[in-house]
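One structure below.
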Amino acid sequence: MTTALLQNVWNGILAYDLTPDNKRWLAERLWQQAEEESKEDIKPYTMAELNARIDRAEASIAAGRVHSRDEISRMMNDFVAQYE
């Protein structure tokens, strides 16, 4: 569904004179349904997929495409500092 269609749904909901309890009830039902649907989307990796990921990681290490713990820490601190 597009953002415009979702906005129309939202505006339709707002057209009703809902109490805070009504809004919470709707939110809880939507949240529960979304949680149930997202559980269905989660599929475990196959052994072939896991082995392929390990192979790619080992190839990256062998090619030197890695960062030290200190480099990662600095990068994370720099990232967090952008949003403070």
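Only the coordinates and a few stated rules stand behind these numbers; no lab work does. Remember, predicted model here, so these are calculated numbers, not experimental data. Here Cβ is always computed from backbone atoms with ideal geometry, including for glycine, and neighbour counts include all displayed protein chains.
Structural remarks
- Crossing angle, helix 47-62 versus the chain [Cα axis fit, 0-90 degrees, rounded to tens]: 50 degrees
- For the chain, the dipole from Cβ point charges (+1 on Lys and Arg, -1 on Asp and Glu) about the Cα centre works out to 140 debye, to the nearest 20.
- Rg/Rh ratio calculated on Cα atoms of the chain (Kirkwood radius): 1.23
- Mean residue ellipticity, 222 nm, helices only, the chain: the sum of -39500 (n - 2.57) across DSSP H runs of n ≥ 4, divided by residue count and rounded to 500, is -25500 deg cm²/dmol.
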